[in-house]
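Written below as structure tokens is the structure these notes are about.
Throughout, read-outs are computed from the coordinates displayed, never taken from laboratory work. Given the structure is predicted, the values throughout are model-derived calculations rather than measurements. Note that we place each Cβ from the backbone using ideal geometry, even for glycine, and neighbour counts take in every protein chain shown.
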Amino acid sequence: VYFYRCGGQGPEFELKTPPAQFPITFAVAGDLGQTGWTKSTLDHIDRCKYDVYLLPGDLSYADCMQHLWDSFGRLVEPLASARPWMVTQGNHEEENILLLTDEFVSYNSRWKMPFKESRSTSNLYYSFEVAGVHVIMLGSYADYDEYSEQYRWLKEDLSKVDRKRTPWLFVLFHVPWYNSNKAHQGAGDDMMAVMEPLLYAASVDLVLAGHVHAYERSKRVYNGRLDPCGAVHITIGDGGNREGLAHRYINPQPQWSEFREASFGHGELKIVNSTHAFWSWHRNDNDESVKADDIWITSLVSSGCVDQKRHELRSMLATP
């Protein structure tokens, strides 16, 4: 535990660092905003004894109004000052007014992530390791084609992942690839076409996204089909934003979609050991947090998928 003051003045804060070994607990919720539902979500997260908070984009919903960045900072300060908050950008962080201003200026200034430590050249994508987990934060709004700097960096980062040291591999970005909600339908298809083969070859265990203001969890899936070596995809853009919930779903429910619900809430992911993790999603029910979905997840290291795809990954990483 570290005690600190910002600039040597003001109140004293207390920061608890994550454990060096399993177990470790992540809290997850995207598309927060600054509403009563946001406050409810944050209160529930504060009670769950998490170690690291993961936020897959759309933080303050300031949309170029700088005072809303300030008020968002005050809203999340009790939590963000006490535990590591690791975030990536969403569309509401772009703040580009008719092409007259640079994108992501406020976001990059106020929420600077440790991108240089992972040899990234941009605050919009980076990676970090905690306990036995390698987490990759990608940018849905940075260039991502096969000739982009982000794609080049992703290949380099994946080449350095040691699944003996970090048996779990997670990826976060804003726009979901697997989405059966009618909101933002197909918005992630282009990024998915480019990057999903690479993440599949790397045996990514779990992909977390936001953007759609609802909750959805997939079965293990790749290329639109059930695949025991594919990733579990979770959309959790239900933190409490001012735009409301996305209630309309495509029917019948796709085979890959395991659970879906349009409610505000948050997720908790407890990595128990190198082989098993427990995921639960908690619906906001007025002042209460109600567990509405849960699943045990087995790592792809323990299932043999990592060894099975080792040659495929080497080939993809070696391709210019």
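Figures for the structure shown
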| item | result |
| --- | --- |
| Straight-distance crosslink candidates among lysines, where the alpha carbon sits under 23 Å from LYS49 and sequence neighbours closer than 8 are dropped | LYS16, LYS39, LYS270, LYS291 |
| With 10 Å bins from 0: P(r) over region 211-320, alpha-carbon pairs, percent | 13, 36, 31, 17, 4, 0 |
| Calculated FRET value between ASP189 and CYS6, using beta carbons and R₀ = 51 Å, to 0.05 | 0.75 |
| Under-5 Å amide H pairs with LEU172, H placed in peptide plane, nonlocal only | ILE136, MET137, LEU138, LEU208 |
| GNM flexibility winner over the chain from PHE26, PHE173, PHE259 (Cα, springs under 10 Å) | PHE259 |
| Extreme residue, positive dipole direction of the chain, given options SER280, GLY90, SER299 (C-beta unit charges) | SER299 |
| Cut-off 15 Å between beta-carbons: net charge of the residues surrounding ARG152, Lys and Arg +1, Asp and Glu -1 | -3 |
| Label point distance in nm, ALA20-PHE259, each placed 7 Å from Cα along Cα→Cβ | 3.5 |
| In Hz, Karplus ³J(HN,Hα) per residue of region 188-199 (6.51, -1.76, 1.60; θ = phi - 60°; x = Gly, Pro) | x, 5, 5, 5, 4, 4, 7, 9, 4, x, 5, 5 |
| Free-standing Cys residues across the chain, given no other cysteine C-beta under 4.7 angstrom | CYS6, CYS48, CYS64 |
| 34 Å tail of the calculated P(r), region 23-318, as % of Cα pairs | 14 |
| Estimated 222 nm signal from helices in the chain, with DSSP H stretches of n ≥ 4 weighted -39500 (n - 2.57), rounded to 500 | -6500 deg cm²/dmol |
| Amide hydrogen neighbours beyond the local backbone of GLU258, cut-off 5 Å, H modeled | ARG217, SER218, LYS219 |
| For peptides 71-84, 126-139, sequence by mean Cβ density within 10 Å, most packed first | 126-139, 71-84 |
